[in-house]
1. Tell me which residues, restricted to segment A:73-83, are among the polar types (S, T, N, Q) and within 15 Å of the ligand (Cβ to nearest atom).
2. Within the bounds of segment A:41-53, is there any residue that is touching a strand residue (DSSP E or B) at 6+ places or on another chain (Cβ under 8 Å), acidic (Asp, Glu) and either within 12 Å of the ligand (Cβ to nearest atom) or over 26 Å from A:Gln169 (Cβ atoms) (or both)?
3. What are the pairs with Cβ atoms under 8 angstrom where one residue, in segment A:31-50, is away from every other protein chain (no Cβ under 14 Å) and the other, located anywhere, is within 16 Å of the ligand (Cβ to nearest atom) and among the basic types (Lys, Arg)? Sequence gap at least six, or different chains.
4. Do we find that A:Gln195 is under 23 Å from B:Ala113 (Cα atoms), touching a residue at least 12 places away in the same chain (Cβ under 8 Å) and away from chain B (no Cβ under 13 Å) in this structure?
5. Run down A:Ala56, A:Ala24 and say which single residue is assigned to a helix (DSSP H, G or I), surrounded by fewer than 14 Cβ atoms within 10 Å (Cβ to Cβ), more than 13 Å from the ligand (Cβ to nearest atom) and not assigned by TED's automatic domain parsing to the domain that holds A:Glu232.
6. Output yes when any residue across segment A:64-72 is among the hydrophobic types (A, V, I, L, M, F, W, C), more than 10 Å from the ligand (Cβ to nearest atom) and either within 14 Å of another protein chain (Cβ to nearest Cβ) or not in a loop (DSSP other than H, G, I, E, B) (or both), and no when none is.
7. Return yes when B:Val165 is of a type in the set (Val, Ile, Thr), surrounded by 16 or more Cβ atoms within 10 Å (Cβ to Cβ), modelled with pLDDT under 95 and touching a Phe, Trp or Tyr at 6+ places or on another chain (Cβ under 9 Å) and no when it is not.
8. What single numbered condition from (1) assigned to a helix (DSSP H, G or I); (2) farther than 19 Å from B:Ser219 by Cβ fails to hold for B:Gly40?
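The values are calculated or read from the model by the stated rules, or taken from the named source; none is laboratory data. Worth saying up front: this structure is predicted, and the values here are computed from it rather than measured. Cβ: placed from backbone, ideal geometry, glycine included. Neighbour counts: every protein chain shown.
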Amino acid sequence: MSGHGHGSGSGLNLTLKIWRQKNAGTPGGLVSYQAHGISPDMSFLEMLDIVNEQLAERGEEPVAFDHDCREGICGMCSLVINGNPHGPDSATTTCQLHMRRFKDGDVITIEPWRAKPFPVIRDLVVDRSAFDRIQAKGGFVSVNTGGTPDANATPIAKHEADLSMDAAQCIGCGACVAACKNASAMLFVGAKVSQYLHLPQGQPERYRRVLAMVAQHDAEGFGGCTNYQECEAACPKEISVRVIAEMNRDFLRATLIGTEL
Amino acid sequence: MDGDVIKVPAPGVSKVIDRLLASTIGQKAIMAVTGFALVGFVFVHMAGHLQMFQGPEAYNKYAHMLQGMGGIKWGLRGLLLVGVFAHMWAGVRLMMRNMSARPDNYAVNKWLAASASAKTMRVTGPIVLFFIVYHLLHFTLLKVSSQGFEDMVYQLNGVGDVPDVYQRMVVSYQNPVLTAIYVLSVTLLGTHLAHGIQSMFQTLGLNNNTYRPAVQVASRALALIAVLGFVAVPLAILAGVIK
Ligand code: FES
């Protein structure tokens, strides 16, 4: 642990209750661990790294958790921390959460995303490939090959570009599903739909996209939206539920009027 | 990208209906549209009730006019019945789907944003349904009360003898227990509407970040107006203002 506890004397002493589960087929449960001398400057994942080093030293199986960039941009990290997907800070991924947010003596319960379409692979790692399958159904645009188009060839109003870019902030982490009491992925699908529907490039597949992506969402077994707005509160990228309204509007239009308008 | 990746069957009328019934958004749209019709009825019904303040002549005349609508009356009743059933069907289906989408709950289960009204939709909905059935048995089918409703007849100007629905209402809500049941049920209806009305807009896609705060306020304001409009009559009867 030396080298990690810099700057704050003895650091934080915490009780961690971590979900341990061998695989999807084996039932899991919460196991308590003590973490000593945790520096408030550490990130939450660094704290788990320390715990894992200690487990490895004792010859125990380290806790499996997802992570990659640790910069808040890849969407790999997850974890429901004391009931909050990505922890207590708003607009913050777990990898960007710092231990200074916690107090000495805190009990921290760490659970995986919970949804039928997100089965646990091991401990805190869940299988989010359902999102890939939804994305594959329509999260793309068709582009002609050939010479590089002139940068100003397709003008886009600033307002529309902003709406598209806000939706494109989605990193596909699945916190919306984790937070939703219905395990609905409507915020994710809405973000992917909205990202394209505000751009001229998104128009050719616009209505087929929304029908196909929503159909895949439903087929994966995600719940329906009851407008609790929990997703918006949990989203580390602050995607607004207006993307759900936009998706609903396009879905209903496509369903009632037809796909090729 | 392979042209086969997005495959959606060409729409026909049956396809449209299939798609609405099969998808979560379609089911929600059914809830929203039927909800809209039911909210419309709630306000018409409330406006009718408030005529109790104008005395027995006005109220009985209004009731007589409604009874005289014949085919239109039955048509509207039929529509309401279909609306209630479709609203329930979609609600129950979605609820069952939503429960099965989260088979294992969290050890620490937290709410981050939802209003009390949103959280209790599943409870307030069925209670309001029970109340409506009870209310119909009471005043429309006359199966509940032993207050002698059949004998209450009113001499309406230029018409003659009509059922004295004014008197039936007064007799009923002079009873504090019946008034309490009514006030409680209508308050729960208001709770249901406070989330339901704004949810309707969001579900049908009639919402964006500019309108959203206004939709939210309007939804709660309409719910409050409905509650106040409904409880005014029985409370006025209990207080002796209407007699
Ligand atoms: S690890 Fe990449 S977003 Fe957290």
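1. Passing the criteria: only A:Ser78.
2. For segment A:41-53, residues touching a strand residue (DSSP E or B) at 6+ places or on another chain (Cβ under 8 Å), acidic (Asp, Glu) and either within 12 Å of the ligand (Cβ to nearest atom) or over 26 Å from A:Gln169 (Cβ atoms) (or both): present.
3. What qualifies is A:Ser43/A:Arg70; A:Leu45/A:Arg70.
4. Working: under 23 Å from B:Ala113 (Cα atoms): no; touching a residue at least 12 places away in the same chain (Cβ under 8 Å): yes; away from chain B (no Cβ under 13 Å): yes.
The answer is no for A:Gln195.
5. A:Ala56
6. No, that holds for no residue.
7. Details: of a type in the set (Val, Ile, Thr): yes; surrounded by 16 or more Cβ atoms within 10 Å (Cβ to Cβ): yes; modelled with pLDDT under 95: yes; touching a Phe, Trp or Tyr at 6+ places or on another chain (Cβ under 9 Å): yes.
Considered against the rule, which asks whether it is of a type in the set (Val, Ile, Thr), surrounded by 16 or more Cβ atoms within 10 Å (Cβ to Cβ), modelled with pLDDT under 95 and touching a Phe, Trp or Tyr at 6+ places or on another chain (Cβ under 9 Å), B:Val165 comes out as yes.
8. Result: B:Gly40 fails condition (2) only.
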